[in-house]
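Below: one structure, written as structure tokens.
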Amino acid sequence: MKYSNEFKKEALKLSDEIGVKKAALQLGLPYYTLADWRNRTRNIIEGTSTEPGKTLTQQDIRILELERENEELRRANDILKDALGFFAKDRKK
């Protein structure tokens, strides 16, 4: 079965959040399919991709790194917002 790039991207994001095994179960994917997507993405980011015709420039690699960092910062920001809401509720009592 062929999956869209958007689906793969969201599946990888979910696997970062809850783990590969849980994400694969939740999405109905074989574990090894999702693990393979993660490995390929990691290899591309590290510049060690062996896929034929897949040549990334330094700029492409940097963009991928920044996108990953941006996602990590968004998650951290969401956690801080939740914590702020939790402590703000606690102060009102």
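Side notes on the structure shown:
- Of all residues in region 10-23, those that are free of Cβ contacts under 8 Å to residues at least 12 places away in the same chain and either surrounded by 15 or more Cβ atoms within 10 Å (Cβ to Cβ) or part of a loop (DSSP other than H, G, I, E, B) (or both) total 1.
- Filter result for L29 (modelled with pLDDT of 90 or more and in a loop (DSSP other than H, G, I, E, B)): yes
- Verdict on A23 being assigned by TED's automatic domain parsing to the domain that holds N5, at pLDDT below 90, within 16 Å of the chain's Cα centre (by Cα) and small (G, A, S): no
The values are calculated or read from the model by the stated rules, or taken from the named source; none is laboratory data. Please read all numbers here as calculations on a predicted model, not as lab measurements. Don't worry about glycine lacking a Cβ; one is built from the backbone with ideal geometry, like all the others, and counts go over all protein chains shown.
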